[in-house]
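A.B. asks: First the structure, which I've put down as structure tokens, then a few questions once you've had a look.
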Amino acid sequence: MSIEYGTKDGAVLWIRNPFTGNVTYFNNIHRKPHAYRHLTNPQESAPTAPPPPSTYDVRADMQRVQDACVFCPGNEAMTMEEVMRVAYGDMHPGVAPPDGSQAEDWAMRVVRNIVPRIPEACTGGRNESYVIIEDARHFLPGAADLTDLMWSGALSAVQYYHVLRTTADVVRHAMDNPAVKSVLIRKHQGRESGASQPHIHIQAIGADRIFPDVEQEMAVTARHPEVWQESVDLMRCFGFHLHESDGIVSHWSPFGKFGRHFELISLDDQQPLHDIPDHRLRLFAQHLHRLLRALHTAPHDLELHHGHGIPLHVHVNGRRYVYANFAGTLNAPADLATNYMPPTRHAMHEMTW
Ligand SMILES: [Zn+2]
Ligand SMILES: [Zn+2]
């Protein structure tokens, strides 16, 4: 197949999503003066809040939040049944764990989701929806505010590999149920993306069928196995390419749900997640971790698609300017680089932990 698109003077005018058939038109409205730049942003222009009264104790407030959080250590009884756990000492043997933790303390915990995302009646009477708590810490090290939450890119690269390793183990666990035909991995970062719990976590959802988006990708790939490489080549040609090494490519792509959509594609790994060789999973985790660090704390959702015959890949939908592709027209990402936000104080945590 050839991915259909139109260009003028080398710039893309429109492109047809090879999986859905939808056409997206590109606009160049970034050439217009950006009126909003002249308006004050209430958040940015608000006078700096007066320093809290000296009686305010942020540590006590943080403790109250952690005491009430179902995903925080000490509240294990508040979650559904535990399925797996990984201790700090399992990830970094011989390295001192984060402040306040012991090597034997859990760093990651897998529990069944209190609400099965797919009704149990569809999956052999078992709840096959899981929550993977990516780290025991609710707040960042050195947090000075209740909004200084732990986030995936702030974890160490080693720990992020263990997040994907554990996720793959959860997929295997769910697939042991003969009623489960596929497991979707998804994550929300930030309230704007629909996250109900601020404590860092990812979800694995076992279903009695292959999820429609993945099924569509499988069907098109079966007919046109070259579609992924072609898509990678096109994004490079249009200047949307970000990085490629180890056969793993990242780029901005117009084929996502929202205007700020990034993909990470491992072209040669075409098995379900739990069958990906460990050294390849490690590389994929490194690339994904790098992308998440670049997106920083911006709200986004992430969906990992995997299965027989399609490349292991991730869609990351940035929740900024979510309506930019309204009615199939999209602002050409001339400002792609702005998605790669400069590191702020929290990115300084090139943490061992
Ligand atoms: Zn918590
Ligand atoms: Zn996909």
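A.B. asks: Applying a 10 Å radius around every beta-carbon, put 114-126, 181-193 in order of their mean neighbour count, most first.
C.D. replies: 181-193, 114-126
A.B. asks: Each residue of the range 132-148 in turn: what ³J(HN,Hα) in whole Hz from Karplus with 6.51, -1.76, 1.60 and θ = phi - 60°, glycine and Pro shown as x?
C.D. replies: Working through the residues one at a time gives 10, 6, 6, 7, 6, 7, 6, 10, 5, x, x, 4, 10, 8, 5, 8, 7 Hz.
A.B. asks: Starting from a Cα-only point model with no solvent, please compute log10 I(q)/I(0) by Debye for the range 54-348 at q = 0.13 1/Å.
C.D. replies: One equal scatterer on each Cα of the range 54-348 leads to -0.96.
A.B. asks: Send over a whole-number figure in Å² for the accessible area per residue of the range 54-348, probe 1.4 Å.
C.D. replies: Dividing the accessible area of the range 54-348 by its residue count gives 43 Å².
A.B. asks: Once Lys and Arg get +1 and Asp and Glu get -1 on their Cβ, which of THR123, THR79, LEU292 lies farthest toward the positive end of the dipole of the range 54-348?
C.D. replies: Of the listed residues, the answer is LEU292.
A.B. asks: Once the range 143-246 is represented by equal point scatterers at the alpha-carbon sites, with solvent omitted, what log10 I(q)/I(0) does the Debye formula produce at q = 0.10, 0.11, 0.15, 0.22 Å⁻¹?
C.D. replies: Scattering profile of the range 143-246, log10 relative to I(0): -0.46, -0.56, -0.99, -1.19.
A.B. asks: If you don't mind, another one. Using the Cα centre of the range 54-348 as the reference point, and only Cβ charges (+1 on K/R, -1 on D/E), how large is the resulting charge dipole? Debye, rounded to the nearest 20.
C.D. replies: 460
A.B. asks: Follow-up question, since we're still on this one. Give the carbon-plus-sulfur fraction of the accessible surface of the range 159-311 in %, rounded to a whole number; probe 1.4 Å, heavy atoms of protein chains only.
C.D. replies: Roughly 51 percent, rounded to a whole number.
A.B. asks: When a/c is below 1.5 the answer is rounded, else prolate if a/b is larger than b/c, else oblate, so apply that to the range 62-200 with a ≥ b ≥ c taken from the square roots of the Cα gyration tensor eigenvalues.
C.D. replies: prolate
The values are calculated or read from the model by the stated rules, or taken from the named source; none is laboratory data. Remember, it's a predicted structure, so these values are computed and weren't measured experimentally. Cβ sites come from the backbone with ideal geometry, for glycine too, and all protein chains shown count toward neighbours. Quick note on the areas: whole protein, heavy atoms, side chains included, nothing else; ligands and nucleic acids left out. Shrake-Rupley method; radii C 1.70, N 1.55, O 1.52, S 1.80 Å.
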